[in-house]
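Below is one structure, written out as structure tokens; the observations come after it.
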Amino acid sequence: MIPPLDPTFWIILGVLAVALVGIGVGLVLRVRGLREIERRERERVLTSTAPPAEPQVHEGELVEERPARGAPPLDAPEAPATRLARLRRRLASSNNVLARALGDLISADRLDADVWDDFEATLIGSDLGVGPTTELVDNLRRELAIDGVNDPARARRVLHAELVKLADPTLDRELYDTGANGLPAVVLVVGVNGTGKTTTVGKLARVLVAEGKTVLLGAADTFRAAAADQLETWGNRVGVETIRGAEGADPASVAHEAVNAGIERGVDVVLIDTAGRLHNKSNLMDELGKIRRVATRRAPITECLLLLDATTGQNGLVQARVFNEVTDVTGIVLSKLDGSAKGGIVVQVQRELGVPVKFIGLGEGVDDLAPFTAEGFVDGLLGE
Ligand code: GDP
Ligand code: MG
């Protein structure tokens, strides 16, 4: 017969049993909790309409990753009318320095030399350039001297008309996005690092897709893998494919592959993003020349857009001049006008380079690119 056990034995056994049951229940609950968190996370990802984070690249470096602002979901490009109204407001809010200067001019008791000097200084400060500023002030003085500025509405009309004249409404600003003989149009995008090439390629693809065109991107900036990643992220965001090569691959061969793929797939437009290294002029000339030669073997380049960052002023203009000398630029895209009070650069760049501004960039979002028109631009500048 088994001898009766000490009661403490039964107490210890009881405590152990309770502890084991507790641990078991705890484990079950924990696993369930983790599953629930996992389920919720999966649902969040599936239902999220937020675009993928875009690598933010500036001056050739990967600075930070942050989600794009204000990018609508893929299937809903903003309607052109609301997009243009919104962009015009953005231009007005940052650029109406000229409107204020005109206000000062109009409200001055006497239009003496000091008042005109102040006005002239504001125009030069907005990067209009000395030549165009002198021209504008001379014309205004002549036109307004007749009856002074006792008619502010007229003064505003005169300034508006003079500025439109400077921005030159007669230039052809059409984007050459139609290829000949059934071939795709090929748009090459060039410019210094950080001016906004990759971003503009993405925004432009968005505009073309919204117009019902089929588009392919070519990542001919092969110096950093991050550059092609950034372009591909844009491609995914706007729903177009990106042709890319290995890091360090020959940019010209990637451009060539992109054009070939565009021909094979029968797309309407191939947009080629390039690197903007500006080591020296002959280096740049070699590189862009080679891209041009190789890319155009099967389809000609229909448009070469040069990016200019509006916040860099005269320095940007000097760089733009170099690009214009080494390659055949057909249009300017002026980026970052949203953060600049230097809209006058439009006039200078067109005069200096003899090339029309075709688009302006007014933000980092996918719909923040506007076609340039002289009238619309001056309306924005004057806050109208
Ligand atoms: P890239 O080196 O010429 O390809 O320049 P990116 O396209 O990488 O642009 C450089 C930086 O400028 C990025 O942070 C962009 O988001 C920003 N950027 C480009 N265009 C605009 C614009 O029109 N407005 C503003 N505010 N930022 C812009
Ligand atoms: Mg780039």
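The values are calculated or read from the model by the stated rules, or taken from the named source; none is laboratory data. Everything numeric in this text was worked out from a predicted model, so none of it was measured. Here the Cβ positions follow ideal geometry from the backbone for every residue, glycine too, while neighbour counts run over all protein chains shown. Note: accessible area is taken over every heavy atom of the protein model, side chains too, but ligands, DNA and RNA are not part of it. Shrake-Rupley method; radii C 1.70, N 1.55, O 1.52, S 1.80 Å.
Does the stretch 332-384 hold any residues that are under 17 Å from Pro169 (Cα atoms), touching a residue at least 40 places away in the same chain (Cβ under 8 Å) and in a loop (DSSP other than H, G, I, E, B), and which are they?
Gly343, Gly344, Val355, Pro356, Phe372, Thr373, Leu382
Can you find a residue that is at pLDDT 90 or above and under 16 Å from the mean Cα position of the chain (by Cα) anywhere in the stretch 314-331?
Yes, because at least one residue in the stretch 314-331 is at pLDDT 90 or above and under 16 Å from the mean Cα position of the chain (by Cα).
Would you check if there is a residue in the stretch 287-300 being under 12 Å from Gly191 (Cα atoms) and within 15 Å of ligand 1 (Cβ to nearest atom)?
Yes: one or more hits.
Among Val329, Val254, which is open to solvent by less than 40 Å² (accessible area, probe 1.4 Å), part of a loop (DSSP other than H, G, I, E, B) and of a type in the set (A, V, I, L, M, F, W, C)?
Just a single option satisfies the conditions, and that option is Val329.
Of the residues Arg277, Arg237, which is over 22 Å from Ile360 (Cα atoms) and open to solvent by 10 Å² or more (accessible area, probe 1.4 Å)?
Of Arg277, Arg237, the one residue that is over 22 Å from Ile360 (Cα atoms) and open to solvent by 10 Å² or more (accessible area, probe 1.4 Å) is Arg277.
Being crowded, with 22+ Cβ neighbours inside 10 Å and either under 23 Å from Glu352 (Cβ atoms) or more than 15 Å from ligand 1 (Cβ to nearest atom) (or both) narrows it down to one of Leu317, Leu308, Leu271, so name that one.
Leu308
Taking only pairs six or more apart or across chains, which ones have beta-carbon atoms under 8 Å, a first residue in the stretch 192-215 that is within 13 Å of ligand 2 (Cβ to nearest atom), and a second residue that is open to solvent by 20 Å² or more (accessible area, probe 1.4 Å) and of a type in the set (Ser, Thr, Tyr)?
Thr195/Thr312
Testing Ala249 on (1) more than 22 Å from the chain's Cα centre (by Cα); (2) closer than 30 Å to Gly129 by Cβ; (3) assigned to a loop (DSSP other than H, G, I, E, B), one condition comes back false. Which one is that?
Checking Ala249 against (1) more than 22 Å from the chain's Cα centre (by Cα); (2) closer than 30 Å to Gly129 by Cβ; (3) assigned to a loop (DSSP other than H, G, I, E, B), the one that fails is (2).
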